[in-house]
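Comments concern the structure below.
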Amino acid sequence: MNKFSLGLFLGILLLTAPVAVIAQHGFSVKQYEEFHEVLHPLEHEALPNNDFGRIRAQSGNLFKHGRQIVKLGVPEGTAANQHAEFRKELAKFNSALNKFRTHARRGSNSQLKISYSAVHDSFEMLAAMLPRK
């Protein structure tokens, strides 16, 4: 089989084969993994479908796990030269989390979408700074 045929075969196989995706992303810190377990389906299922009812229904759970991240502070193993930046991002995350909680309770869908996205984006920044396993 030549390279082109092999490539075509593999491409078709990948497109047609069922793929199981495990949600666990392997964060090095338990609190981040738990938060992400709630965040992931909201980001990839609820938000694209404008299912604000689902986001509101999960807001307490997301907030609870987010507070655990804030309470943890800078995780052990974080490089010393990143502590100040980590604390700065944690403060942004905490602020975004509080705004999200308020909007989930009594904000418009538009406000909720914006504040949810701020929580998501801040979490991604924190996760990128986590020590590696």
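Read the figures in this text as sums done on the coordinates, not as results from a lab. No experiment lies behind these values; they were computed from the predicted model shown. All Cβ positions, glycine included, derive from the backbone under ideal geometry; neighbour counts span all protein chains shown.
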query: So what J values fall out for the range 35-42 if you push phi through Karplus, 6.51 cos²θ - 1.76 cosθ + 1.60 with θ = phi - 60°, rounded to Hz, Gly and Pro as x?
result: 4, 5, 4, 7, 5, 4, x, 5
query: On full extension of the chain, what length is gained from Glu76 through Asn94, given 0.36 nm per residue of separation minus the C-alpha to C-alpha distance?
result: 4.6 nm
- request: Compute the signed sum of charges (Lys and Arg +1, Asp and Glu -1) over the other residues within less than 13 Å, Cβ to Cβ, of Lys99.
  value: +4
message: Can you work out the Karplus-derived ³J(HN,Hα) for every residue in the range 116-121? Use 6.51 cos²θ - 1.76 cosθ + 1.60 with θ = phi - 60°, whole Hz, and x for glycine or proline.
response: 4, 4, 5, 5, 4, 5
message: Output wanted: per-residue J couplings in Hz (rounded whole) for the range 96-108, from phi through Karplus 6.51 cos²θ - 1.76 cosθ + 1.60, θ = phi - 60°, x for Gly and Pro.
response: 5, 4, 5, 5, 4, 4, 4, 5, 5, 7, 8, x, 6
Rounded if a/c under 1.5, otherwise prolate or oblate - the range 41-124, Cα gyration tensor axes: prolate
message: Given R₀ = 22 Å, what would the calculated FRET efficiency be for Lys30 paired with Met125, taking r from the Cβ atoms and rounding to 0.05?
response: 0.70
query: So what's the net charge close to Phe35: Lys and Arg +1, Asp and Glu -1, counting the other residues with Cβ under 11 Å from its Cβ?
result: 0
